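Only one structure is covered here, and it is reproduced in the block below.
The values are calculated or read from the model by the stated rules, or taken from the named source; none is laboratory data. Not measured: the values here are computed from a predicted model. Positions of Cβ are generated from backbone atoms using ideal geometry, with glycine treated the same way; all protein chains shown enter the neighbour counts. Calculation scope for accessible area: heavy atoms of the full protein, side chains included, ligands and nucleic acids excluded. Shrake-Rupley method; radii C 1.70, N 1.55, O 1.52, S 1.80 Å.
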Amino acid sequence: MAERKAVAESRLETLDFPDHYGAVSVDRDTGQTHVLTKDSGVSLVEATCASGAVPGVWPSISFNGIDWIDGGMVSSANPMLAKDYRKVLVIAPLPKGYGQMPSTQEEVAELSKTSRTFLFVPDDHTKAVVGKGIYDADRAPASGQTGWDQALTVKNDVLDFWNA
């Protein structure tokens, strides 16, 4: 676990938990989704490790008597966490559902019953650049640039959505 914490810490710009930030994680045993915030009694490093504990990639992390895994194990974007908001912009780099996990499109369709929503997912070109190795650090620069380029193509739509 020390290695995982060191990696997480090395990637953070600050160790201060931002006021308006939540790391989505899941209780490994119950499947219950939680948003870890500065009021959760854990450090930003612990919350980051919990939110990034992808089975088979990084181990779960234990604190507060719970073994935590990545929130993406229940939902790839967790849009339903915003169910009490009037407008919701969902950015879903991995929108596909797996097994019993619904796709982000299905979840946003449900959320759209109570909120105005805008869903941003990778286009075919972006998916091709990212490829199947989403954890491949060598692909990160090209993937990031391609995502940025795609975002520029929808920025006016996002502004219209947000300002309406």
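List of remarks:
- Amide proton proximity set for Asp67, modelled H, under 5 Å, gap of 5+: Arg28, Asp29
- Summing Lys and Arg as +1 and Asp and Glu as -1 over all other residues whose Cβ lies under 12 Å from the Cβ of Asn64 gives a net charge of -3.
- Secondary-structure-derived ellipticity at 222 nm for the chain, considering helices only, amounts to -10500 deg cm²/dmol, per-run term -39500 (n - 2.57) for DSSP H runs with n ≥ 4.
- Its Cα centre serving as origin, the chain has a Cβ charge dipole (Lys and Arg +1, Asp and Glu -1) of approximately 280 debye.
- Accessible surface of segment 1-69 [probe 1.4 Å, protein heavy atoms]: carbon and sulfur percent: 47 percent
- Per-residue 3J(HN,Hα) values for segment 66-72, derived from phi via the Karplus relation 6.51 cos²θ - 1.76 cosθ + 1.60 with θ = phi - 60°, read 10, 9, 9, 10, 4, x, x Hz in sequence order (x marks Gly and Pro).
- Segment 79-163 shape via C-alpha gyration tensor axes, a/c threshold 1.5: oblate
- Cα-Cα over 21 Å, subset of Lys96/Lys132; Lys5/Lys38; Lys83/Lys113; Lys38/Lys87: Lys38/Lys87
- Residues whose amide H falls under 5 Å from that of Val88, counting only those 5 or more places apart or on a different chain, are Arg116, Thr117, Phe118, with hydrogens built in the peptide plane.
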